[in-house]
Amino acid sequence: MSSVRAAFLLESPARELVHALKYQGWRSVGEFMGTEMGRRGGAAVRDADLVVPIPTSERNLRRRGYNQAEVIASALAAEAGIPLRACLERWSQAGTQTALNPMQRRANVSGAFVLAEACGDMVRGRRILLVDDVITTGATILAASRALVPGAPARVSAYAFSRTVPMSL
């Protein structure tokens, strides 16, 4: 992974925005978040050829009715004029990470993602920007970036709306 960035720290008001998107069904908040990320992203966004959202679990998709990372990524991609593709599939249905320590988080998402068959050629030689709502330990984005390796991207970077402190990969 070449770089990992976040637009905000996960503290007020960013925390409330993330919670509204994830737990209160406020999809429009995610659109706002992605637009702001597109505006604030600088070179991390400008240098990307393809935006790829982190997939959510089937359970969360059924419960929310949307993938919060995809809502954010879609607005970011639109703001930046960069194509968006859901090139990752969630292979395992790893449970929530909120109560896990860093080692448990890594184990929970290890091998959780695979490159979508239709995207193999799409990522080859391209600069991929992975997008998520929150980076805590980096376990999810690290697992996702590893899943892209068979597609031979030129570079994989990650950009989240918010991050905790400290962030470790």
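Looking across 7, 43, one residue alone is farther than 22 Å from residue 63 by Cβ, hydrophobic (A, V, I, L, M, F, W, C) and loosely packed, with under 15 Cβ neighbours inside 10 Å. It is 43. You will find that of 27, 59, 63, 15, the residue that is at pLDDT 95 or above, at negative phi, surrounded by fewer than 17 Cβ atoms within 10 Å (Cβ to Cβ) and out of contact with any helix residue (DSSP H, G or I) (no Cβ under 6 Å at 6 or more places or on another chain) is 15 and no other.
For the range 111-155, give me each residue that is at pLDDT below 95 and either in a loop (DSSP other than H, G, I, E, B) or of a type in the set (Phe, Trp, Tyr) (or both). If the condition is that a residue be at pLDDT below 95 and either in a loop (DSSP other than H, G, I, E, B) or of a type in the set (Phe, Trp, Tyr) (or both), then 111, 112, 113, 136, 137, 138 are the ones that fit.
The values are calculated or read from the model by the stated rules, or taken from the named source; none is laboratory data. Computed from a predicted model, the values in this text were never measured in an experiment. Note that each Cβ is placed from the backbone with ideal geometry, even for glycine, and that neighbours are counted across all protein chains shown.
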